[in-house]
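One structure below.
The values are calculated or read from the model by the stated rules, or taken from the named source; none is laboratory data. Here the structure is a predicted model, which is why all the values come from computation and not from measurement. For neighbour counting, all protein chains shown are included, and Cβ atoms are generated from backbone atoms with ideal geometry for every residue, glycine included. Note: areas computed on protein heavy atoms with side chains; ligands, DNA, RNA excluded. Shrake-Rupley method; radii C 1.70, N 1.55, O 1.52, S 1.80 Å.
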Amino acid sequence: MIARMESQTISPALLDNHSRVMRKLRVSLTDACNYRCFYCMEENPVFTAPSNLLTPEEIETICRQLVGMGLEEIRITGGEPTLRPEFPEIIERLSTLPIKTLALTSNGHHLEKKLAHLRTTKLSKINISADSLDEGRFHSITRGGDLPRVLKALFQARDMGFEVKLNAIIFRGINDEEVVDFARFSGREGIEVRFLEYMKIGPGINDFDTRFVPAREMRARLRDALGELTPVSMPRDSTAKVYTTAEGGRIGIIGSESEPFCGDCSRLRLSATGTLRPCLMMNIGVSLRGMATENYPDVVSKVVSWKPNGRLPEIAQGMYQIGG
Ligand code: SAM
Ligand code: SF4
C-alpha cells in the first residue's frame, strides 16, 4: 500500500504510469432522464431496461470494494439519478462507506421533495444543471424543462445547508449573453456557478464548431462587465479554475476542451450497468458485476493503466450514457 496524507493508505492499483493517483469515482445510477437537453441526447433515446441496471446492493458492494482500495470521493450522476425509485436507498447505502465526500449531480426536477431525507445522509454536495436563467430558453434547451421548479430545489438545498453549485454549459448564440447574469446571480444568491465548455461528446460533436465558447472568452466577458477576477486556490485535481468577482460571486470555469486537465485527472467512472471506465472519453472498461474481491486489484490496475495521459478528441456516446 502507498501512504496518502496522515493515516490513509491506497492500493497501488489506483496509481497509474503517469504518477496520477485515483481519488474520485463517478457513479451513474441510470442513463434515463426526464429532460432531453439538445446537447446531451437525441429526442427519442432508448434507455437501458431497469432490470439491467445495478441494484442498490450491487452498487454498495462495488463501491465498498473501490473505497477499500483508497477512493475517497463518490459523485452520483446519470442520466438523471433521482429517477431511480431506489435513489434514497442507494444514497443511504453509500453513506455507510468510509468516504470523505458523497456528492450528487442532478437536473433538480425531482429533487425538492427528496432533500429532507438526503439531509439525514452523508450527501453534502449537490450540483444542479441549469444552462439558462431565462424560463423560455431553459425550456427550449432541455426540450421541456421547468426552470422555476429547478431553481426552487436549488434554493431549498442551499437553505438546508447543502453545498450547492449551479452548472451551466455556455453555447455561442444560445446563452453566451448570460455569462454576466449568471455571475451576478452567484453574488446575489451566494451560489457558486460553474461554466462548462461545450465538449465533443454525443450530439456535441455535430454543432461543436458553431456553438463552442472557450474558457478565455468567458473570462474576458466577465472581466469586461465586472472587473478583475480573483483566482481561488484549488486542489490539483480540480476540474475548475475558480474565481471570485468584486460583486461577491464565485465562478468556476471548466475548460475541458481548451484548457484540459487530463494530466492531473484522479477520476474513475462506474456505469449504470457496472462497467468501470478509465476515462470520460473512452468507451472501454471492465464489468465489476459479481466480481470476486480477490480480482479487484488486478482488474482495477488494468483499467487505471488505460487512462490516457492527454485529452482524446471526441466520443460518440452521449454524456447521459457515460455518466457525466
Ligand atoms: N442529469 C444530470 C444533470 O443534468 O445534471 C446529471 C447527468 S448530466 C449528463 C451531467 C452534466 O453533463 C450536466 O451538467 C450536463 O450539462 C453535462 N453535459 C452533457 N453533455 C455535455 C457536453 N456535450 N458537453 C459538456 N457538458 C455536457
Ligand atoms: Fe438529462 Fe442531464 Fe442529459 Fe440534460 S444533461 S438530458 S438533464 S442527463
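Quick check: anything in region 50-72 buried (at least 19 other Cβ atoms within 10 Å of the Cβ), within 20 Å of PRO235 (Cβ to Cβ) and within 12 Å of ligand 1 (Cβ to nearest atom)?
Checked region 50-72: no residue is buried (at least 19 other Cβ atoms within 10 Å of the Cβ), within 20 Å of PRO235 (Cβ to Cβ) and within 12 Å of ligand 1 (Cβ to nearest atom).
Name every residue in region 296-324 that is buried (at least 22 other Cβ atoms within 10 Å of the Cβ), within 16 Å of ligand 2 (Cβ to nearest atom) and of a type in the set (A, V, I, L, M, F, W, C), in order of residue number.
MET319, ILE322
Would it be correct to say that ALA157 is within 15 Å of ligand 1 (Cβ to nearest atom), under 20 Å from the mean Cα position of the chain (by Cα) and farther than 16 Å from GLY252 by Cβ?
Details: within 15 Å of ligand 1 (Cβ to nearest atom): yes; under 20 Å from the mean Cα position of the chain (by Cα): yes; farther than 16 Å from GLY252 by Cβ: yes.
Yes, satisfied.
Among the residues of region 200-235, how many are touching a residue at least 60 places away in the same chain (Cβ under 8 Å) and either in contact with a helix residue (DSSP H, G or I) (Cβ under 7 Å, 6 or more places away or on another chain) or part of a loop (DSSP other than H, G, I, E, B) (or both)?
Number of matching residues: 4.
Results for (1) within 25 Å of GLU43 (Cα to Cα); (2) assigned to a helix (DSSP H, G or I); (3) touching a helix residue (DSSP H, G or I) at 6+ places or on another chain (Cβ under 7 Å), shown as yes or no for each residue.
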{"residue": "ALA116", "(1), (2), (3)": "no, yes, no"}
{"residue": "THR121", "(1), (2), (3)": "no, no, yes"}
{"residue": "LYS125", "(1), (2), (3)": "no, no, no"}
{"residue": "PHE138", "(1), (2), (3)": "yes, yes, yes"}
{"residue": "GLY145", "(1), (2), (3)": "yes, no, yes"}
{"residue": "GLN156", "(1), (2), (3)": "no, yes, yes"}
{"residue": "LYS165", "(1), (2), (3)": "no, no, no"}
{"residue": "VAL180", "(1), (2), (3)": "no, yes, yes"}
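I'd like the full set of residues that are within 16 Å of ligand 2 (Cβ to nearest atom) and in contact (Cβ under 8 Å) with a residue 40 or more places away in the chain, limited to region 76-101. Lay out the reasoning, then the answer.
Within region 76-101, the first condition is being within 16 Å of ligand 2 (Cβ to nearest atom), and the residues that meet it are 76-84, 87.
Correct list: ILE76, THR77, GLY78, GLY79, GLU80, PRO81, LEU83, ARG84, PHE87.
Please work out which residue is farthest from ligand 1 (Cβ to nearest atom), limiting yourself to region 73-104 and to residues that are under 14 Å from the mean Cα position of the chain (by Cα) and among the acidic types (Asp, Glu).
GLU73
Kindly evaluate GLU197 against the criterion of being charged (D, E, K, R) and crowded, with 17+ Cβ neighbours inside 10 Å.
Values: charged (D, E, K, R): yes; crowded, with 17+ Cβ neighbours inside 10 Å: yes.
Yes.
Residues of region 105-154 being among the charged types (D, E, K, R), open to solvent by 20 Å² or more (accessible area, probe 1.4 Å), under 24 Å from ILE170 (Cβ atoms) and within 20 Å of the chain's Cα centre (by Cα), which ones? Spell out how you get there, then give the answer.
Of the residues in region 105-154, the ones among the charged types (D, E, K, R) are 112-114, 119, 122, 125, 131, 134-135, 137, 143, 146, 149, 152.
So of that shortlist, the ones also open to solvent by 20 Å² or more (accessible area, probe 1.4 Å) come out as 112-114, 119, 122, 125, 134-135, 137, 143, 146, 149, 152.
Applying the additional criterion that residues be under 24 Å from ILE170 (Cβ atoms) yields 125, 134-135, 137, 143, 146, 149, 152.
Result: LYS125, single match.
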